[in-house]
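The values are calculated or read from the model by the stated rules, or taken from the named source; none is laboratory data. All figures in this text were calculated on a predicted structure; none of them were measured in a lab. Every residue, glycine as well, gets a Cβ built from its backbone with ideal geometry; the counts of neighbours run over all protein chains shown.
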């Protein structure tokens, strides 16, 4: 599993844009000209990003590239010093993260963060907490649908989430987020710390969610796997967007592979 070499190039180069970068009225996420600081340290520099309805967009980069800050920006967890952010058609400046989530966002954070002392079923029901007034039969049917999407959870409904393996917890975190029927899924480092078998399963699940029409923004170090499932991708280096475009084009461009993804990134 190849990870991006943060030091593959020595200078920031102008990024590559295409017609798909023009913001549209129905975009689910629009980030325009955003600068993000942590104290005196600048983490993002004039970044732009858009996620269209039904798209899967990947943000790629090595450690300290700014990719996790990008997804935190979309979730309202950090506030830009300059620029604008819109999620599901609404400017989110000043909104607390729980209010951004309340717009219809499902968040799958780095490190999974399941409710360890709750059962798998209780974790799934927590995902549907905002829908708790709906009929029990509806929620039961949707738990069955979640298990269909994430079959590793089959037969584990009464098991404490904290006793699951890391890969199983990742599946549970994804299923829990899906239970809220989000209009946007934000996934932070879905393959981090997982065995190759569970990386395969996670990406199968992401592909299944995409096939069901999910809109997905994910950040990932595993460039090859992310480009297999994404429609478009952005490559970050030291807080700058250095490359952007259709995922298939980026995966197939030898110059980009050498400079940003590593020669062995795509077999």
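Taking the stated definitions as given, is residue 106 in contact with a strand residue (DSSP E or B) (Cβ under 8 Å, 6 or more places away or on another chain), assigned to a loop (DSSP other than H, G, I, E, B) and buried (at least 19 other Cβ atoms within 10 Å of the Cβ)?
no
Is it the case, given these coordinates, that residue 226 is assigned to a helix (DSSP H, G or I), over 28 Å from residue 60 (Cβ atoms) and out of contact with any helix residue (DSSP H, G or I) (no Cβ under 7 Å at 6 or more places or on another chain)?
Judged against the criteria, residue 226 is not a match.
Consider residue 158 carefully, then state whether it is touching a strand residue (DSSP E or B) at 6+ places or on another chain (Cβ under 7 Å), outside the structural domain of residue 247 (by TED's automatic domain parsing) and touching a residue at least 12 places away in the same chain (Cβ under 8 Å).
Judged against the criteria, residue 158 is a match.
Of the residues 137, 173, only one is over 24 Å from residue 24 (Cβ atoms), at pLDDT below 85 and in a helix (DSSP H, G or I); which?
137
Given the residues 84, 43, which is the only one that is closer than 28 Å to residue 210 by Cα, over 16 Å from the mean Cα position of the chain (by Cα), modelled with pLDDT of 95 or more and not in a loop (DSSP other than H, G, I, E, B)?
Every option except 84 fails the conditions.
Quick one: is residue 245 at pLDDT 90 or above and touching a helix residue (DSSP H, G or I) at 6+ places or on another chain (Cβ under 9 Å)?
It is true that residue 245 is at pLDDT 90 or above and touching a helix residue (DSSP H, G or I) at 6+ places or on another chain (Cβ under 9 Å).
Residue check, residue 119 against (1) more than 21 Å from the chain's Cα centre (by Cα); (2) at pLDDT 95 or above, all met but one. Which one?
The failed condition is (2).
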